[in-house]
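To start, the structure under review is shown below, and the notes come after it.
Where a number appears in this text, it was derived from the coordinates with a stated rule and is not lab data. The structure displayed is predicted, hence computed values, not measured ones. Glycine gets a Cβ as well: all are built from the backbone with ideal geometry, and neighbour counts include every protein chain shown.
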Amino acid sequence: MLNGRELAIFRKQLLEWFRQFQRDLPWRRTTDPYRIWLSEIMLQQTRVAAAIPYYERFLQRFPDVHALAAAPQEEVLRLWSGLGYYRRARNLQKAAQQIVAKHGGQFPARLDDVLALPGIGNYTAAAILSIGFGEKHAVLDGNVARVVARLGAIRGDLREPQRWQELQKNADRLLEPKSPGDWNQAVMELGATLCTPKSPQCLLCPVAQFCEGRKLGIAECLPEKRKKRATVEVTLAAAVFADGNGQTVLLPPPKNTREKASADHVPTLVSKMWHFPTLAVTGEPAGNLIAFLRKMLPGVQSRKWQLVPAAKVRHAVTYRAITLFPFLINVKKLPRILGAKQVPLGDITNLPVSNLTRKAARAALAIAALARAKQ
Ligand code: SF4
């Protein structure tokens, strides 16, 4: 553990490095808690480069909490479309509505109030409060935990509750109380740029002289590997109808779905968004799909339907490895399905859709183009 003098030097060196070398990111140019919050939510599970255009578009349309709270949910999801993990967007809007209802549209500054908002855990609360309000809360997520574990040569599974608590205590001890916002960002920046998961660049590290992991020669082996949840293979088949005008049919986001779903639970796999008629299959995809469509559309003449197989789509949702077989079905008239909408197949992102649905649409468009070229 660092003594008082070492701790002061450690903090000074890391902060100076951060202030000199930090990347210029849009959310670093503000202390507005709304913007900090949005960036932190977007950066969960998403790389910085991918998040930036979404962040900017989102703020153009929803510049403050009031605008986000009042928007139709479909529009919020449409602007999130492509970022994945759509529960983040739903929670973001729910939280905005609570901020308007309970806090007059002002982002709350008390930890308890922030933690009571949907989708905000300890890490996000600490980030918003330290950067937006200068409160002394040390952040701890996987990125920071790796840095703290290497600095203290902490072994074992970092996500074990006791070890996580130890890491939080270490992070709290290291926190620079005079600039908690900059401090937290400095530790995050170190983890994102130098103290990366593979091959940490210790020679460039501003706090290398204090790093126990480096001294012991084990920095690269930390954190120790966690047991991964086994991957589950899921096979789906989807019907991509297309009429002569290039229109297709999408089903609405499923309602009242269980949060704890089975591995092949279709609403979860389409991120509870607009989607093609889809089912999980165990046998032959085309036969399963036609039986499913007949059941869904009992009065419809389906005998003449020809299912044209498009290229299969691979996609991953958490621990599930999905193989989706899209089938293009050219029809004169699109089937009428309760709650469904007709949209151009070439522009399905008019509605909020998941990446899986986008990939299915692309595969169907490619096979349609190929068929046209052969005619
Ligand atoms: S010395 Fe290396 S392992 Fe230690 S904090 Fe710096 S980059 Fe990470």
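Here are the numbers:
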{"read-out": "Radius of gyration, Dmax [region 154-269; alpha carbons; angstrom]", "value": "23.2, 69"}
{"read-out": "Alpha-carbon centroid distance for the pair region 326-375 / region 200-265, whole angstrom", "value": "27 Å"}
{"read-out": "Residue pairs, from the table K12/K136; K198/K225; K136/K215; K304/K332; K272/K304, whose Cα atoms sit over 21 Å apart", "value": "K136/K215; K272/K304"}
{"read-out": "Two-site FRET efficiency, T196 against V300, from Cβ-Cβ distance with R₀ of 41 Å, rounded to 0.05", "value": "0.15"}
{"read-out": "Convex hull volume of the chain per residue (C-alpha atoms, cubic angstrom)", "value": "170 Å³"}
{"read-out": "Fraction of antiparallel bridges per DSSP, region 234-375 only, in percent to nearest 5", "value": "60 percent"}
{"read-out": "Rh (Kirkwood; distinct C-alpha pairs) - region 1-116, Å", "value": "16.0 Å"}
{"read-out": "Stokes-Einstein D for region 235-375, Kirkwood Rh over Cα pairs, 10 °C, 1.306 mPa s (µm²/s)", "value": "104 µm²/s"}
{"read-out": "Among beta bridges that DSSP assigns inside the chain, antiparallel share in %, nearest 5", "value": "55 percent"}
{"read-out": "Rg and Dmax of region 70-215, Cα atoms only, in Å", "value": "17.6, 54"}
{"read-out": "Using alpha-carbon coordinates, inclination of helix 355-374 to the longest axis of the chain, degrees", "value": "40 degrees"}
{"read-out": "Size of electric dipole in region 1-64: Cβ of Lys, Arg +1 and of Asp, Glu -1, about Cα centre, debye, nearest 20", "value": "140 debye"}
{"read-out": "Per-selection Rg to Rh, region 211-254 - Cα, Kirkwood hydrodynamic radius", "value": "1.50"}
{"read-out": "Ellipticity estimate at 222 nm from DSSP helix runs (n ≥ 4, -39,500 (n - 2.57)) divided over the chain, nearest 500", "value": "-14000 deg cm²/dmol"}
{"read-out": "Charge dipole magnitude, Cβ of K and R +1, D and E -1 - the chain, Cα centre, debye nearest 20", "value": "1240 debye"}
{"read-out": "Nearest-ten-degree value, helix 285-296 long axis tilted from longest Cα axis of the chain", "value": "80 degrees"}
{"read-out": "Rg followed by Dmax, in Å, when region 210-312 is reduced to its Cα trace", "value": "22.0, 74"}
